[in-house]
1. Somewhere in region C:163-178, is a residue closer than 17 Å to C:THR56 by Cα, at pLDDT 70 or above and assigned to a strand (DSSP E or B)?
2. Just wondering, is there one or more residues in region A:84-101 that are buried (at least 22 other Cβ atoms within 10 Å of the Cβ) and more than 7 Å from chain B (Cβ to nearest Cβ)?
3. Condition first: within 14 Å of the chain's Cα centre (by Cα), surrounded by fewer than 21 Cβ atoms within 10 Å (Cβ to Cβ) and part of a helix (DSSP H, G or I). Can you find one or more residues in region D:258-266 that meet it?
4. How many residues are touching a residue at least 12 places away in the same chain (Cβ under 8 Å), within 14 Å of another protein chain (Cβ to nearest Cβ) and more than 19 Å from C:PRO34 (Cα to Cα) if we restrict to region D:28-60?
5. I'd like to know if region D:71-80 contains one or more residues that are part of a loop (DSSP other than H, G, I, E, B) and either in contact with a strand residue (DSSP E or B) (Cβ under 9 Å, 6 or more places away or on another chain) or without any contact (Cβ under 8 Å) to a residue 12 or more places away in the chain (or both).
6. Would you pick out the residues in region B:47-67 that are without any contact (Cβ under 8 Å) to a residue 24 or more places away in the chain and under 20 Å from D:ASN98 (Cβ atoms)?
7. Can you tell me how many residues in region D:282-338 are part of a helix (DSSP H, G or I) and within 14 Å of chain A (Cβ to nearest Cβ)?
8. Quick check on C:TYR124: is it at pLDDT 85 or above, outside any strand (DSSP E or B) and of a type in the set (Phe, Trp, Tyr)?
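The values are calculated or read from the model by the stated rules, or taken from the named source; none is laboratory data. What you see is a predicted model, and the numbers here were worked out from it, not measured in a lab. Counting neighbours? That spans all protein chains shown, and the Cβs are built from the backbone with ideal geometry, glycine included.
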Amino acid sequence: MNPENYVPTEYLPLFIMLVLATLFAIGGLLLGAFIRPRFYYPEKLEPYECGNEPSGLPWQKIAIRYIPIAILFVVFDVEIAFLYLLGVSFSSISPLALGGAIFFIFLIILGFFYDLKKGYLEWTRF
Amino acid sequence: MSVVRILFFYFAFVILLSAFMGLRQRSPVKALLWILLLFVHIGGLYLLLNAEVLAFLQIIIYAGAILVLYLIMLLILDVREEERSMLYLKNWQSRIWAGLLVSFFFILGSLTFVNKHRGEHTLDKLKEVGPSKILGRLLFEDFTFPLIILAFLLLVPLLGIGLLFVKRRQDGSA
Amino acid sequence: MRLSPRHILLVDLLKGLSITLKTLFKKPVTVEYPRKRVQLYASFRGRHALVRDPVTGDARCVACLKCSQVCPSRCISIKFEDDPEKGVRKLISYVIEALRCIYCGYCEEVCPVGAIVLTEWFEYSQSTREAFLFDKERLLQNWDAFVKTFEGKVYTNKFWNLRGVPESLKPVFKREGIDVKLRGEAS
Amino acid sequence: MVLNSNDMVHLALLSFFKGLIVLGIMLFHAAYTVYAERKIIGRIQSRLGPREVGPYGLLQPLADLVKLLTKEDILPKEADRFLFKLAPLLLLVTTIVNLSVIPFYPDFIIADVHVGILVILAFAGLGVYGVILGGYASGSKYSLLGGLRSAAQMLSYEIPLTVSLAGVILAAESFRLGDIVEAQANSLFGMNLFPQVIGFLVFLICAFAETNRAPFDLPEAESELVAGYMTEYSGFRMGLFFLGEYISMYVMALLISLCYLGGWSLPPWMLSLLPILKEIPPVLILLVKVYFFIFLFIWVRATFPRYRFDQLMRLSWKVLIPLSFLNLLIVMFFKLLT
């Protein structure tokens, strides 16, 4: 095998599936475009607000509570990447490496429990 | 030209294009979407390099987590359109700095460029053992110490989340 | 946080699931309406009607206004004039706004002559508001339409019999009912 | 693999037809799951469910399709036109692609890649964009809040889901779903369910939350958010969101069956007890498992009331994540013993 002309052909079907799914969705939309009615008037295009006149734009300042969740998600996602790699090579690595990996997981869990104890993850904190 | 070359040039072109378009785009959310395209194509480039695990980890972590964090941040901070005056490339000093930075990376890249494939992890071995297993073994055996440093790095945001709340408590606002 | 074995083993959740699973195999209560019908209860309060008097062929109403006074949603409006010769009131118009009616049945309860009834007729949907403005003629027609489907000979209404009022004090029609079969001879 | 162009065309055509078959079967299933859901929930509520269209209402999905196609397509005034159109596509496409790495049969898989589970996670991660962008682009307050909430929900539940999957990967030492099924068939209990009950439960609960199904159907909390990120969508675009939800239900049901219940294999003790079970075709075994989970999805929806948002977050961060790590430690312990 020569890396010069290596093509990851296993992933070709994945790509084909992607194209198929896109074609299906766009095809459905196009098919509908021919037969669906179009009777637009300004009231119909207004954003929904339970029948009231819409008051202001939606893009206003929203609670900051979503940010800790996103940050934690990033941290855990990185950790999960290593967890998975550890899972795959669990029985083929040396005890020392295993110890390092478990220390890695343990440290993150420790940080997580610190946040939990401090209550940074309470939704109703503020 | 072989298929690999064509695919490589496609990925490289889209990466450069989406980076450029992401910089040009005025709406931050759309700029973010260009960056999403960029990340997905970097994944494709990894795939061509026979780094399957890395390719999908790239998408999972960069596109699926970090960019989502940015997106949520954007929605919360209510930035619909970038302010014109905030364009930091307006003055010539910053342009020079940016140019120097780009050329630094360019030189660094060309210095470390290797035009042949070497090392013990050949394609055949990769196929035999499986790419994920080799990566895992390499990571945990040879890079145990950097891994532990990484753990401490990852601890920083976990401990730093509290800062978000401390500031708000001083305001007294909810 | 509450932590008990009951909590950890999800006993409550499983109980809920078992209840819904049991209902899954029970017979549905739905009656498929246009094909099957439910048996209406006696004196179901449906479309309004003015009883057609078998003798005169007109409404039995004597314009006493009790119904419009008692109506909680004020949907009955009556106009009348005094007839000086006979010394009785004469009904000019009797209008019910059916869309405002809440079907409480006070009007038929209070009526001293059994003129207004809420018939056991519920299929009267219309597509305009005006169609629900029942005047005297419409109300009489409603009665005729109802009588056609009515199987018994004598119409009595459960709501005519007020609790606590002795039988002897009730008007005759409330005791014996209204003879619906006479209608054909009178009109 | 190094292939010449002829082989490549062959592979492309083959996978194209495989993809068509899978897509067709899955769309059929999704349509009839809607029907089954209405029917089952109807019976649970002592109603009859759809009955009017065709015998026993069996043509109801077709009628729904016609309705969705002929419904007006409304682009709200404040909407970002491009993103508004992109969002449902993104969600549906990323969900459908997941099907290509799932084996339905020992040899029937569209893309037999080494990193099957990573592919599913990657595309599930991209699906979050559909939700957030749908909420952002609509230009409505309900949409934006609903989108943010669903995104927060999906992010919070993806962590325990992936960590409990790590236990499965640890047991099989492979990312490929086929290998995971085989490893289970050769294990002591024949399925991952028994050493990993905690992981199974955590995964099950997270599967409900990831697919935005009751009792975690916060985006569809009519009483507070109207229809969440779908509020402004109508017609076929809303249909795409719905289809995405139902297909992701199937992806999750398939994943649970493959990762925890042994997929198309039956545990060895069951086979030795009843040798006749060997005659059942493998795909039927998988189907029974998948249908059971689909039924469970519907059953749970008909039974449990919706969670409040803070309860939802508390459940994920305080209960499920610690539990999933506990599960992982247990699996590691067992693995070290053997």
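1. Checking region C:163-178: at least one residue is closer than 17 Å to C:THR56 by Cα, at pLDDT 70 or above and assigned to a strand (DSSP E or B).
2. Among the residues of region A:84-101, at least one is buried (at least 22 other Cβ atoms within 10 Å of the Cβ) and more than 7 Å from chain B (Cβ to nearest Cβ), which makes the answer yes.
3. The first filter runs over region D:258-266 and keeps only residues within 14 Å of the chain's Cα centre (by Cα), leaving D:258-259.
Now drop any that are not surrounded by fewer than 21 Cβ atoms within 10 Å (Cβ to Cβ), which leaves none.
Within region D:258-266, not a single residue is within 14 Å of the chain's Cα centre (by Cα), surrounded by fewer than 21 Cβ atoms within 10 Å (Cβ to Cβ) and part of a helix (DSSP H, G or I).
4. Here the count works out to 10.
5. Yes, there is a match, as at least one residue in region D:71-80 is part of a loop (DSSP other than H, G, I, E, B) and either in contact with a strand residue (DSSP E or B) (Cβ under 9 Å, 6 or more places away or on another chain) or without any contact (Cβ under 8 Å) to a residue 12 or more places away in the chain (or both).
6. Filtering region B:47-67 down to residues without any contact (Cβ under 8 Å) to a residue 24 or more places away in the chain leaves B:47, B:49, B:55-62, B:64-66.
Within region B:47-67, B:LEU47, B:ALA55, B:PHE56, B:LEU57, B:GLN58, B:ILE59, B:ILE60, B:ILE61, B:TYR62, B:GLY64, B:ALA65 qualify.
7. Counting residues in region D:282-338 that are part of a helix (DSSP H, G or I) and within 14 Å of chain A (Cβ to nearest Cβ) gives 29.
8. no
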